[in-house]
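Participant: Please read through the structure below; I'll follow up with questions.
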Amino acid sequence: MLSALHFHDLTTQLPFEVWIAIDNKARKPKQETLALRVVRFSGDALNAGVEEHIIENIRIRVYNPAKTVADCFKYRNKIGLDVALEALKDCLDKKQCTIDQLWEYARLCRVSNVMRPYLESAQ
């Protein structure tokens, strides 16, 4: 999440780990040279909102800004509510997503009740 926020320029935080999402049943990757934070999703929560980008001739997959913000609210206890709120504000201010997209991913990630007061105040 923090690495996706940094990729989309939606945070002032500098990630010290690369966050990756894997299927609930997938084996955790073994990586000793890179600090990884693994989160597990399944179904649409894993596959929705994925964008492909090329960085230095390497294809990477990153969640779009709206999905990333919804994930931040899902993991707000790990990254901090302040980080999630900053991401939400920056995402809307920079017009990287719409309120409707945020609602869609909030519902998909099952955090619509958590995000509701913040989204309603942003409208």
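Computed from the coordinates by the stated procedures, all read-outs in this text should not be read as laboratory data. Just so you know, these numbers come straight off a predicted model, no measurement behind them. Every residue, glycine as well, gets a Cβ built from its backbone with ideal geometry; the counts of neighbours run over all protein chains shown.
Participant: Considering only residues of the stretch 27-50 that are more than 15 Å from T68 (Cβ to Cβ) and of a type in the set (G, A, S), which is farthest from the chain's Cα centre (by Cα)?
Facilitator: If we take residues in the stretch 27-50 being more than 15 Å from T68 (Cβ to Cβ) and of a type in the set (G, A, S), then A35 is farthest from the chain's Cα centre (by Cα).
Participant: Across the stretch 90-103, what is the total count of residues that are assigned to a helix (DSSP H, G or I) and more than 14 Å from C72 (Cβ to Cβ)?
Facilitator: Count: 5.
Participant: If T98 meets every condition in (1) out of contact with any strand residue (DSSP E or B) (no Cβ under 9 Å at 6 or more places or on another chain); (2) touching a residue at least 40 places away in the same chain (Cβ under 8 Å); (3) β-branched (V, I, T) apart from one, which number is that one?
Facilitator: Condition not satisfied by T98: (2).
Participant: Hey, another quick one. When you look at E32, is it closer than 23 Å to L108 by Cα and either free of Cβ contacts under 8 Å to residues at least 60 places away in the same chain or assigned to a helix (DSSP H, G or I) (or both), yes or no? Even if it seems obvious, please write down each step before you answer.
Facilitator: Numbers: closer than 23 Å to L108 by Cα: no; either free of Cβ contacts under 8 Å to residues at least 60 places away in the same chain or assigned to a helix (DSSP H, G or I) (or both): yes.
Answer is no for this residue.
Participant: Let me ask you something else. Going by what's in this entry, would L10 be described as without any contact (Cβ under 8 Å) to a residue 12 or more places away in the chain, assigned to a loop (DSSP other than H, G, I, E, B) and either of a type outside the set (D, E, K, R) or surrounded by 10 or more Cβ atoms within 10 Å (Cβ to Cβ) (or both)?
Facilitator: No: the conditions fail for L10.
Participant: Against the condition among the basic types (K, R) and in a loop (DSSP other than H, G, I, E, B), how does K25 come out, does it pass?
Facilitator: yes
Participant: Separate question: So which residues in the stretch 40-50 are free of Cβ contacts under 8 Å to residues at least 60 places away in the same chain, closer than 21 Å to Q96 by Cβ and of a type in the set (A, V, I, L, M)?
Facilitator: V50, the sole residue that qualifies.
Participant: Another question, then. If you take the residues in the stretch 38-63 that are part of a loop (DSSP other than H, G, I, E, B) and not charged (D, E, K, R), which one is surrounded by the fewest Cβ atoms within 10 Å (Cβ to Cβ)?
Facilitator: Within the stretch 38-63, the match that is surrounded by the fewest Cβ atoms within 10 Å (Cβ to Cβ) is N57.
Participant: Among A106, A66, A87, which is touching a Gly at 6+ places or on another chain (Cβ under 8 Å), of a type in the set (G, A, S) and assigned to a helix (DSSP H, G or I)?
Facilitator: Values: A106 fails: touching a Gly at 6+ places or on another chain (Cβ under 8 Å); A87 fails: touching a Gly at 6+ places or on another chain (Cβ under 8 Å).
Going through A106, A66, A87 in turn, the sole match is A66.
Participant: Which residue pairs have Cβ atoms under 8 Å apart, sit 6 or more places apart or on different chains, and have a first residue in the stretch 104-123 that is buried (at least 18 other Cβ atoms within 10 Å of the Cβ) and a second that is polar (S, T, N, Q)?
Facilitator: As it stands, the answer is A106/S112, since those pairs meet every condition given.
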